[in-house]
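Coordinate-derived values only; no laboratory data. Quick caveat, the model's predicted, so the values are computed rather than measured. Positions of Cβ are generated from backbone atoms using ideal geometry, with glycine treated the same way; all protein chains shown enter the neighbour counts.
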Amino acid sequence: MTILSDNDIKNSMKHKELDIEPFSEKNLTPNGYDLSIDEVYIRKTDQHVKEGKAKIPPLTWFAISTKEFVKMGSQITSQLWIRTSYARKGVMASFGKVDAGFHGTLTISCFNSNDTELEIPIGDRFCQIVFEHLSSKPSELYDKKSGNYQNQRGIKLQR
């Protein structure tokens, strides 16, 4: 498995092995791409915030949906990592792998571990997606293995 550099990411997009829509050059990092916030859901207040700033109460679970719709090719998978600016504010998040063949926006489960309110601007860069190239094609891609969230847009909490 090889991690894709910024040049590898652009080349993979050029060859239709990967897609990020919308794509912004400023979100490209040396070894990944910063995903931005499109929507925040706050369970405690049952609010869906899609513009302005989401105000997360202390010690509260919330979910974020990415603005970017990613299309993983048959030999590309990825990992998600929180940006340190949010980790330093006390945001804890559950991240995992994005499977080869997945297409959609990403829903991220988060927790404000502070004893104070946290403001999260819609459109802000929240996490980095780090792409990896698989050494061979899997027997089945995401849509055939489970596909529960294939082509999702917005926050999806249940199958």
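Observations on the model:
- Gain on full stretching of the segment that runs from TRP61 to GLU140 - 0.36 nm per residue minus C-alpha separation: 25.1 nm
- For peptides 90-96, 111-117, 33-39, sequence by mean Cβ density within 10 Å, most packed first: 33-39, 90-96, 111-117
- Dividing the helix sum by the residues of the chain, where each DSSP H run of 4 or more adds -39500 (n - 2.57), gives a mean residue ellipticity at 222 nm of -2500 deg cm²/dmol.
- Distance from the alpha carbon centroid of segment 126-159 to that of segment 43-65 works out to 24 angstrom.
- In nm, spacing of pseudo-spin labels at GLN47 and ILE3 (7 Å Cα→C-beta vector): 3.6
- Cα convex hull, segment 2-137: 96 Å³ per residue, rounded to a whole number.
- Summed residue charge, Cβ within 10 Å of SER85's Cβ, Lys/Arg positive, Asp/Glu negative: +3
- Residues whose amide H lies under 5 Å from that of PHE102, counting only those 5 or more places away or on a different chain, are MET72, TYR142; hydrogens are built 1.01 Å from N in the peptide plane.
- Look at the alpha carbon pairs under 8 Å that are at least 6 residues apart: their mean separation over the length of the chain gives a relative contact order of 30 percent.
- Among ILE82, ILE76, ILE64, the order by Cβ neighbours within 10 angstrom, fewest to most, reads ILE82, ILE76, ILE64.
- Sites GLN150 and TRP81, calculated FRET efficiency, Cβ-Cβ separation with R0 30 Å, nearest 0.05: 0.85
- Protection-proxy order for peptides 17-30, 124-137, each taking the mean of Cβ atoms within 10 Å per residue, highest first: 124-137, 17-30
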